[in-house]
Amino acid sequence: MDGVMVLDKPKGYTSAHTLNRVKRALGAKKAGHTGTLDPFATGVLPVCFNQATKAIPYLGDDIKEYEAEMILGISTDTMDNTGMITRRVDMGNICRDEVEGVFEGFSGEITQVPPMYSAAKVSGKKLYVFARAGKEIERKPKRVTIEEIRLLDFSFPKATFYVKCSRGTYVRVIASEVGKKLGCGAHLCELRRLKSGPFTLSDANSIEDVESGNYNFLSLEKVLGGYPKVYLEGDLRQSVNNGIPLCRGALLDVELPEFKNRDIITIFCRKTILSICEAEADSDKFEYMEDKDIVFRHLRVFN
């Protein structure tokens, strides 16, 4: 069972708990998820099983899409509804145009400071460990990209919004910052991931589906479909299994797609993935090979 399953993570579960539950249900030896969701959040959580875990860095899930709901006038120490209330402000005169105007300021490349209640690490420890001990740790701001953000609905004190953003963006930090700019504070009360790279809710299985045996898998051939493919047969397959780089001379009879230096290439035998490679030109790393014009250097080999 090597492939990717998209889960619709339920509210109240950590991503790790969700992963372990489906791993037990399927009897998988190895599994890993991409893109952690907070326990109160729901939605798309891609999970790779067995050999597919090797493909996690190449799944192209750098862009995420969310629908979120925030409450204005109440701030919490976690910036979401799981924390302690730290401030209340009565400002019932805020209008939709004001909220939309503030959201517009979050488009493009912005800087965020990771919240203390997060899994980001400082000195090898997750920040929430320090936070639970009552310690405030200095954090370095990081740049993230907001490709699109817009207000979907507003009825004070609730505002529902959509955001399309880069990996590592904290949506609850956006909610908190919007509240600060409006002068009333805010926290996130709902968060649903609609999409993670190529994975959408239409692909998703519930935990109950998995445990009842009614689920669907996505093959690596499908989820890695954005990369150029090379199909091999015979002796070349064994070379890949042994981790031997492939040069142009060894591929004279193989149909090759167009690619350039440092492109990611996937190697298949029929529908079975053999390797994820990087294309290299004029490499002196493989001087023992007769033809060094172009080499496919293996990044991950699948057995």
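The values are calculated or read from the model by the stated rules, or taken from the named source; none is laboratory data. As the structure is a prediction and not an experimental result, all values here were calculated from the model. Cβ sites come from the backbone with ideal geometry, for glycine too, and all protein chains shown count toward neighbours.
Laid out as a table, the results:
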{"quantity": "Condition check for G43: within 19 Å of the chain's Cα centre (by Cα) and not assigned by TED's automatic domain parsing to the domain that holds R143", "calculated": "yes"}
{"quantity": "Those residues of the range 160-215 which are assigned by TED's automatic domain parsing to the domain that holds P114 and free of Cβ contacts under 8 Å to residues at least 12 places away in the same chain, in sequence order", "calculated": "K180"}
{"quantity": "Top-ranked residue of the range 121-159 - restricted to ones that are among the hydroxyl-bearing types (S, T, Y) and farther than 18 Å from D38 by Cα, ranked as surrounded by the fewest Cβ atoms within 10 Å (Cβ to Cβ)", "calculated": "S123"}
{"quantity": "Where a residue in the range 20-32 is in contact (Cβ under 8 Å) with a residue 60 or more places away in the chain and its partner, wherever it lies, is acidic (D, E), with Cβ under 6 Å and at least six apart", "calculated": "A25/E211"}
{"quantity": "Matching entry among G105, G101 (being free of Cβ contacts under 8 Å to residues at least 12 places away in the same chain, farther than 18 Å from E211 by Cβ, surrounded by fewer than 17 Cβ atoms within 10 Å (Cβ to Cβ) and of a type outside the set (S, T, Y))", "calculated": "G101"}
{"quantity": "Within the range 87-203, helices (runs of 4 or more DSSP H) holding 3 or more residues that are under 18 Å from the mean Cα position of the chain (by Cα)", "calculated": "171-182"}
{"quantity": "Answer residue from the range 108-120, given it is surrounded by fewer than 16 Cβ atoms within 10 Å (Cβ to Cβ) and hydrophobic (A, V, I, L, M, F, W, C) and is modelled with the highest pLDDT among those", "calculated": "V113"}
{"quantity": "For V240: the one exception among (1) assigned to a helix (DSSP H, G or I); (2) touching a strand residue (DSSP E or B) at 6+ places or on another chain (Cβ under 6 Å); (3) exposed (fewer than 15 other Cβ atoms within 10 Å of the Cβ); (4) not polar (S, T, N, Q)", "calculated": "(3)"}
{"quantity": "Residue identified as at pLDDT 90 or above and buried (at least 19 other Cβ atoms within 10 Å of the Cβ) among I264, I276", "calculated": "I276"}
